[in-house]
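Below is one structure, written out as structure tokens; comments come after it.
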Amino acid sequence: MCSGSPLIAELCAGSGLDWLLIDAEHSPNGLESLLAQLQAVHGYPILPVVRPPVLDPVIIKQYLDLGAQTLLIPMVDTAELAVRSVHYPPRGIRGVGSALARASRWNRVDDYLQTAAERISVIVQIESAEAVANIESIVAVDGIAGVFLGPSDLAASMGVLGQQDHPDVVAAVERCIAVASAAGVPVGVNAFAEALARRYLTAGASFVLVGADVAILARASEGLAERYAGNTLNEAPRSSY
């Protein structure tokens, strides 16, 4: 979900897909639009995952107070801060404001402060050569619910910008999948190309991100233009997403 639209979020939530990423890293999403989308998808049989723009304990605190329960933290090279950011002291550094927050239903959830950790999952995104080198120590961090591979930024980090299917990138992704799987840590991957998505599932990935609302709409509208208006926008190949 990159459009920031609660209407599109609700439309996708009823699609039969397993999970929905509400993205604030590369999308025009602020606290109000995130809240509206969480409210729109509530009650549908889909898992909403929220991605903040950066690993920042203050932003993470705000997202958790909005009611986000599964976070995908981008650009993580070491995972300890990500875990500490989602827990109250003494385990972590999350600020306490549950009485004011949707997360606790404004103190209508019994013992929220004591049980909040049971409701929160943190997934860290591996998308740099440094993170790949650190994969064994990342998956060993207590409190990590999963890892997620981002081949686009990983390709850039490895000097092959825009080449998510480069053999070195694919090998790095598959190595991380193998390490995480061996450690019993669920591992996902961003793979909009179906061949890569199926390859990574075969390699052991347990969840994949396979499309974005804005990309689906862009490609579908271009297809309509091509068929009915002779539009030539599709002449240039798109190597990313």
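The values are calculated or read from the model by the stated rules, or taken from the named source; none is laboratory data. Keep in mind the model is a prediction, meaning the values are calculated, not measured. Note: ideal-geometry Cβ built from the backbone for every residue, glycine included; neighbour counts use all protein chains shown. For accessibility, only protein heavy atoms count, side chains too; no ligands or nucleic acids. Shrake-Rupley method; radii C 1.70, N 1.55, O 1.52, S 1.80 Å.
Just so you know, in the range 154-192 the residues that are charged (D, E, K, R) and in a helix (DSSP H, G or I) include one that is nearest to PHE207 (Cα to Cα), and it is GLU174. Only helices (runs of 4 or more DSSP H) whose full extent lies in the range 17-118 are considered here, and the ones with at least 3 residues that are touching a Pro at 6+ places or on another chain (Cβ under 6 Å) and touching a residue at least 24 places away in the same chain (Cβ under 8 Å) are 31-41. Of the residues making up the range 174-199, those that are open to solvent by 40 Å² or more (accessible area, probe 1.4 Å), touching a residue at least 40 places away in the same chain (Cβ under 8 Å) and closer than 23 Å to GLU80 by Cβ are ARG175, ALA183, PRO186.
Can you tell me which residue in the range 136-153 is farthest from ALA197 (Cα to Cα), limited to those that are assigned to a loop (DSSP other than H, G, I, E, B) and open to solvent by 50 Å² or more (accessible area, probe 1.4 Å)?
Taking the range 136-153 first, the residues assigned to a loop (DSSP other than H, G, I, E, B) are 140-145, 150.
This time we only want the ones that are open to solvent by 50 Å² or more (accessible area, probe 1.4 Å), so: 140, 142.
On the way: ALA140: 25, ASP142: 28 Å.
Checked the range 136-153; the qualifying residue farthest from ALA197 (Cα to Cα) is ASP142.
With respect to the conditions (1) assigned to a loop (DSSP other than H, G, I, E, B); (2) farther than 25 Å from LEU55 by Cα; (3) of a type in the set (A, V, I, L, M), ALA195 falls short on a single one, namely (1).
The set of residues from the range 54-98 being under 26 Å from SER33 (Cβ atoms), in contact with a strand residue (DSSP E or B) (Cβ under 7 Å, 6 or more places away or on another chain) and among the aliphatic types (A, V, I, L, M) comprises LEU55, ILE60, ALA68, LEU71, LEU72, ILE73, MET75, VAL76, ALA82, VAL86. Here is the figure for the range 110-135: residues that are more than 13 Å from LEU64 (Cβ to Cβ) and surrounded by 15 or more Cβ atoms within 10 Å (Cβ to Cβ) total 11. Restricting attention to the range 1-48 and to residues that are open to solvent by 50 Å² or more (accessible area, probe 1.4 Å) and at positive phi, the residue that is modelled with the lowest pLDDT turns out to be GLY43.
Summed over the range 132-153, residues that are touching a residue at least 12 places away in the same chain (Cβ under 8 Å) and over 12 Å from MET75 (Cα atoms) total 13.
I need the full set of residues from the range 154-173 which are surrounded by fewer than 22 Cβ atoms within 10 Å (Cβ to Cβ) and not small (Gly, Ala, Ser), in order please. Don't jump to the end; show me each part of the working.
Taking the range 154-173 as the starting set, the residues that turn out to be surrounded by fewer than 22 Cβ atoms within 10 Å (Cβ to Cβ) are 156-163, 165-168, 170-171.
Scanning the range 154-173 gives MET158, VAL160, LEU161, GLN163, ASP165, HIS166, PRO167, ASP168, VAL170.
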